[in-house]
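The values are calculated or read from the model by the stated rules, or taken from the named source; none is laboratory data. Everything numeric here is computed off the predicted structure, so don't read it as measured data. No Cβ is skipped: glycine too gets one built from the backbone with ideal geometry, and neighbour counts run over all protein chains shown.
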Amino acid sequence: MDRQDSTARMDPTVRSWLLSIPIVAPVLRVGASCIRVGTQAVRRRVHDEWVAPLVVQIGALEREIGRLVERLEEAEAERQSLVGRQQEFEEIRFGATAPRPGAETPAPPETLRWRVVGTRDLEAYLRAGRQSVEDISQALRSVGRELSEFSSVLDFGCGCGRTICWLPRTMRLHGSDIDAEAIGWCRVNLPWAEFDVNEELPPLAYEAETFDLVYALSVFTHLDEDHQFRWLAELNRVTKPGGLVLVSIRGKRFLDEMPPERRAEVERTGLEFVESDFWTGVFPDWYQTTNHTEEYVRSRYRGYFELLGYLPLGLAGQQDFVVLRRDATGGAELPSSTAATEADLGFGGRSQEPRLAP
Ligand SMILES: C[S@@+](CC[C@H](N)C(=O)[O-])C[C@H]1O[C@@H](n2cnc3c(N)ncnc32)[C@H](O)[C@@H]1O
């Protein structure tokens, strides 16, 4: 059987497929190559229009990120250098082993902090302590002296050590207060300084002429006249001849805020002792709030000390700061009683109107 016969005997559909192969195959080949060309064109286009710009953008982003990382590294180096300089500055300023309260030394508990600054905010408490040292330095500078010149220091009414904890440990530091709980805390937590509890009235636990610098921050702002004079005499006793005593008082700011009639009265009397129950259960009854006029301080304190400087708002921009010096010979005769000085100078006052601030 020849080939023609077998083709003739095939299924007609199969036969027509077989016969069409020589025509269809070249068409399919052309189609396939068109698809290949088209795919390549699409690929090229996608690459040119999408991928290539993206690659360029990614490259630019990488360079930008590199620059940012460099700037961050520079900023970090700058920050570290600033921290180093701040530490150097603090070491010069506060002494090589100065503590960092709140960081390397514990901060007092909230109740003790509240008693001394009237805020429970730890940061504010720490800031206020540092500011007090700043203000003490400034007050000393205003009379031509530097904190670094003093070696034995008493913080009278130190509370829980808000200020003394920032002083250089190279000094001989003492703190005294009626608040036994605060002193107990100081003894445990600020062991480089010495602390004592004192009574409502003198004496202190120290020998005469022990300190070349004494300060009382926000203490005379709570004493009546009699307590005030007794403590001025006692501070005189424990200060070395020629030594300085800094005392803060509620003066200018508190007078400025008073209604005119009350202010006129305080200006007439010179001292206003304001009693209220604000501190009941916290401090003894004799611990109240006292406002002074500058004139009063200038005339009444000179019986105990030479007044070297008076800085309105010199303590934290709130209280006035008084810079006193003990007579250089140590031989000054002190007033023996409140009554005598009151009669001499015509001051003295007492008010029941409550008005409080720590
Ligand atoms: C407002 S606080 C100030 C505490 C500290 N000076 C400060 O600035 O953080 C008043 C402090 O004075 C103390 N104080 C009041 N009368 C005192 C006295 N007669 N003798 C010792 N301390 C006294 C109180 O116990 C209290 O700690």
Quick test of your reading of the structure: C186 fulfils all but one of (1) closer than 29 Å to E272 by Cβ; (2) assigned to a helix (DSSP H, G or I); (3) within 11 Å of the ligand (Cβ to nearest atom). Name the failing condition by number. (1)
Might you check whether a residue that is more than 11 Å from the ligand (Cβ to nearest atom), modelled with pLDDT of 95 or more and either in contact with a Cys (Cβ under 8 Å, 6 or more places away or on another chain) or part of a loop (DSSP other than H, G, I, E, B) (or both) occurs anywhere in region 131-143? yes
Test: residue in region 233-245 that is touching a strand residue (DSSP E or B) at 6+ places or on another chain (Cβ under 6 Å) and either in a loop (DSSP other than H, G, I, E, B) or within 16 Å of Y296 (Cα to Cα) (or both): no
Would you be able to say whether some residue in region 190-198 is surrounded by fewer than 21 Cβ atoms within 10 Å (Cβ to Cβ), in the same structural domain as L122 (by TED's automatic domain parsing), more than 11 Å from the ligand (Cβ to nearest atom) and over 23 Å from the mean Cα position of the chain (by Cα)? yes
Of everything in region 111-124, what is touching a residue at least 12 places away in the same chain (Cβ under 8 Å) and touching a Lys or Arg at 6+ places or on another chain (Cβ under 8 Å)? Give them in sequence order. R113, V116, V117, L122
Yes or no: region 230-237 includes at least one residue that is under 30 Å from E149 (Cβ atoms), of a type in the set (D, E) and within 16 Å of the ligand (Cβ to nearest atom). yes
Selection within region 125-146 - touching a residue at least 60 places away in the same chain (Cβ under 8 Å) and touching a strand residue (DSSP E or B) at 6+ places or on another chain (Cβ under 9 Å): Q131, S132, D135, I136, Q138, A139, L140, S142, V143, R145
Report yes if some residue within region 194-203 is without any contact (Cβ under 8 Å) to a residue 40 or more places away in the chain, over 13 Å from E234 (Cα atoms) and aromatic (F, W, Y); otherwise report no. yes
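Which ones in region 217-249 are under 19 Å from E134 (Cα atoms) and among the hydroxyl-bearing types (S, T, Y)?
The initial filter retains those residues of region 217-249 that are under 19 Å from E134 (Cα atoms), namely 217-219, 244-249.
Listed by number, the residues that qualify are S218, S248.
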Residues that are away from the ligand (no atom under 13 Å from the Cβ) and not aromatic (F, W, Y), drawn from region 199-224: E207, A208, E209, T210, D212, L213
